[in-house]
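**Student:** Structure in structure tokens, see below.
Nothing in this text is a laboratory measurement; each read-out follows from the coordinates by a stated rule. This is a predicted model, so every value here is computed, not measured. For neighbour counting, all protein chains shown are included, and Cβ atoms are generated from backbone atoms with ideal geometry for every residue, glycine included.
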Amino acid sequence: MGDTHRNEGMDAAPSNRNDMPAGEYDQKEEARSENWPVGDIVISILFIAYSVFMFVGARGFPRHGQMTFVTGPWFTPMLLSSVVGILCGALIVRTLIKFRKLSAVGWVREVFADERMQRSLTLALIIGVYVGLIAVVHFTIVNLVFFLVVFFYLKIGSRLQIVIYSVASTLVVAHIVPYIFNLPVP
């Protein structure tokens, strides 16, 4: 009797690579494009640019805190931006050493051909427009339009639900959170 239930759950998909039979994980690795390491380089360059921006911005902060320079407002952003820049530089070097033949053009083609990446890029574009409009359009209006566009794009519910979610999100982001934390809004 006990033998009939012995294999229950054995047909379930492996939860991680250690649970996969030998060779199955390697096949999944081989299915990956030869151009995917270019993404490591691209994102590293973007993070290095952001780190430089943060480092330069932190130079204008006061240098002394209540106890020492370590508690000064400039120290943490300068330290973090330096560490992120160094780690991204190391990732670029490691990627170039490990994968000597890379095609940025092939990577861009694959990125734009992948439906998930198209969605990510579209959302990044929507967020970029939102950030650009914050200084130009009233904060409440730009938030409402942003939430409507994103929720319609992601198809998170019926039209009525999307309108309700957008209005509720706008109230939280533009009015409730700033009121609770006494934050200035643009």
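**Student:** Evaluate the Kirkwood expression for the hydrodynamic radius of region 93-154, namely the inverse of the mean inverse distance over all pairs of different C-alpha atoms, and round to one decimal in Å.
**Tutor:** 14.2
**Student:** Let me ask you something else. When Rg is the radius of gyration of the Cα atoms in region 37-186 and Rh is its Kirkwood radius, what does Rg/Rh come to?
**Tutor:** Using only Cα positions, Rg/Rh for region 37-186 is 1.08.
**Student:** Moving on to the next point. Estimate the FRET efficiency between VAL149 and SER103 by the formula 1/(1 + (r/R0)^6), using the beta-carbon distance for r and 41 Å for R0, to the nearest 0.05.
**Tutor:** 0.75
**Student:** Mind checking the full-extension length gain between ILE164 and VAL93? Use 0.36 nm per residue of separation minus the Cα-Cα distance, one decimal, nm.
**Tutor:** 20.7 nm
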